[in-house]
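Structure, as structure tokens:
The values are calculated or read from the model by the stated rules, or taken from the named source; none is laboratory data. Predicted model, so just to flag it, every value in this text is computed and none were measured. Cβ sites come from the backbone with ideal geometry, for glycine too, and all protein chains shown count toward neighbours.
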Amino acid sequence: MQSDNASHLQRIPVSQHGLMRAQISPCALKVTDTLQQAGFMAFIVGGAVRDLLLKSTPKDFDVATNATPEQVHALFRRSHIIGRRFRLVHVMCGNDTIEVSTFRASAAPEEHGDHVTDDTGRIVRDNVFGSQESDAQRRDFTVNALYYDPANEEIWDFQGGLNDIEHRSLRIIGDAMTRYREDPVRMLRATRFAAKLDFHIDESARTPLSQLADLLGNVPSSRLFDEMLKLLLSGHSMRAIEQLRDEGLLHGILPMLNDLLEEESGNRFIVEALKNTDARVKAGKSVSPAFLFATLLWHELQIHHQTRLDAGETTTPALFSAMEDTLGQQRARLAVPRRLDGMMKEIWSLQPRFEQRSGSRPFRLLGHPRFRAGYDFLLLRAESGEVPMELADWWTEFQAADEAQRATMLIASVVTEQPKRRRRRKKPSAAEVVEIVNE
């Protein structure tokens with residue numbers, strides 16, 4: 001092992017870490033090889049290196065280089081520069097996209113106008129380039145600050161990240177209070193990584209979390225949504241949600257879950273929903289964000305619905321108004337994209353229709369485009385005890401039955417006898433009046 005005392009750099013050979021070039025995405029290798037052949041430094045960096053060392057499959061591969069975005073863009077025909085806070089380059093190879101970032105400075109000179117923070121210390125613009133060592137200092141956690149050179153299969157470790165991986169420790173780089181103020185989303189990332197990787201959060205990184213939870217209110221709600229979606233789709237969402245609650249971070253994002261997780265009925269529903277999500281993620285199946293947030297906001301919707309019913313509104317109009325109340329209130333904290341609204345509303349509005357099992361109604365519901373999502377939602381409600389399991393079983397059987405069997409399954413509707421309407425006497429015509437008078 002070679003060591004650079006000035007920068008604390010450890011260059012770890014493949015014989016010690018075991019990560020081979022063949023494990024790297026061909027697209028990522030093409031990017032690093034092209035950059036190195038052009039005379040630039042280029043490394044696989046971040047989560048991909050961490051995950052490969054933990055024997056798991058990376059979701060994507062990122063590259064870090066000393067080439068500027070313009071220099072990277074010039075080398076790759078299928079690429080474009082993105083980002084405002086910090087410019088990046090997306091390089092496309094077939095269906096794969098590799099994100100290439102330029103080494104960042106650890107601290108910008110005071111006169112440099114491209115390093116801007118707000119009153120709370122959050123970085124709002126940071127187009128300041130630096131060295132590889134300073135780039136390592138700017139990364140959030142030591143386990144994400146490992147650089148892999150595919151050319152010689154070395155790992156460059158400036159922050160002791162390899163040792164932290166071996167000890168399953170999540171340690172923040174630098175002063176935790178400062179780093180969380182620079183980007184409060186790092187607090188959510190800490191809980192996500194701890195849950196996903198089964199790591200413990202180092203005490204120095206954990207202590208400030210509850211003190212700085214309010215800073216999440218200063219993060220754009222759309223960015224909060226993106227980070228929460230990553231957390232919920234990590235395959236360990238239940239553990240992550242519980243850790244958010246324990247650290248006092250949940251209140252500023254999904255505050256209704258704080259109370260809901262304490263209620264027996266609400267807790268069962270949320271647990272079933274998150275268990276279902278985790279199972280699908282681990283099985284490699286897709287998960288609909290709209291379905292996921294429909295489950296998380298379901299009990300909040302019911303509260304709004306009941307409030308409107310108590311005010312005298314009729315059931316269906318009250319339900320649709322409650323949907324707007326729920327989504328509007330939540331959007332102020334966590335920007336659930338409006339493109340998801342339609343599916344969420346359809347899932348919710350289908351639930352009362354599952355109660356209707358007579359006449360042609362079940363057949364019409366079976367042909368609804370969102371039937372499957374609504375049915376899966378009904379199963380969660382039944383598994384949590386919110387509705388009778390018999391109702392879910394009936395719909396399970398009804399789907400599998402043929403037309404003749406379905407006809408025998410229909411439940412006779414209760415017909416209430418309507419009061420007889422009095423027949424209005426027909427007014428006599430003018431000729432009839434004359435005839436009566438003549439009599």
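Taken together, the residues in the range 193-207 that are more than 17 Å from Ala145 (Cα to Cα) and more than 21 Å from the chain's Cα centre (by Cα) amount to 5.
Here Ser265 meets the list (1) at pLDDT 85 or above; (2) part of a helix (DSSP H, G or I) almost entirely, failing just condition (1).
Across the range 140-192, the qualifying residues are those that are part of a loop (DSSP other than H, G, I, E, B) and closer than 13 Å to Gln10 by Cβ, and the one among them that is nearest to the chain's Cα centre (by Cα) is Ala145.
The sole residue among Lys345, Lys285 that is basic (Lys, Arg), without any contact (Cβ under 8 Å) to a residue 40 or more places away in the chain and assigned to a loop (DSSP other than H, G, I, E, B) is Lys285. Reported count of residues in the range 352-367, each being surrounded by fewer than 18 Cβ atoms within 10 Å (Cβ to Cβ), part of a helix (DSSP H, G or I) and touching a residue at least 24 places away in the same chain (Cβ under 8 Å), is 4. Within the range 74-86, not a single residue is within 19 Å of Asp157 (Cβ to Cβ), surrounded by 18 or more Cβ atoms within 10 Å (Cβ to Cβ) and of a type in the set (Gly, Ala, Ser).
If you check Thr326, Thr295 for being among the β-branched types (Val, Ile, Thr), outside the structural domain of Lys230 (by TED's automatic domain parsing), assigned to a helix (DSSP H, G or I) and under 16 Å from Ile241 (Cβ atoms), only one passes: Thr295. Cβ separations smaller than 9 Å between residues 6+ apart or across chains give the following pairs from the range 184-209 residues that are of a type in the set (Asp, Glu) to residues that are part of a loop (DSSP other than H, G, I, E, B): Asp198/Arg168; Asp198/His236; Asp202/Arg171.
Kindly indicate which of Ser25, Ser56, Ser79 is among the polar types (S, T, N, Q), farther than 26 Å from Asn163 by Cα and in the same structural domain as Ser134 (by TED's automatic domain parsing). Testing whether each residue is among the polar types (S, T, N, Q), farther than 26 Å from Asn163 by Cα and in the same structural domain as Ser134 (by TED's automatic domain parsing) leaves just Ser79.
Residues in the range 368-404 that are more than 23 Å from the chain's Cα centre (by Cα), touching a residue at least 40 places away in the same chain (Cβ under 8 Å) and closer than 20 Å to Asp278 by Cα: 1 in all.
Of the helices (runs of 4 or more DSSP H) lying entirely inside the range 381-439, those containing at least 2 residues that are surrounded by 10 or more Cβ atoms within 10 Å (Cβ to Cβ) and modelled with pLDDT of 55 or more are 389-400, 403-409.
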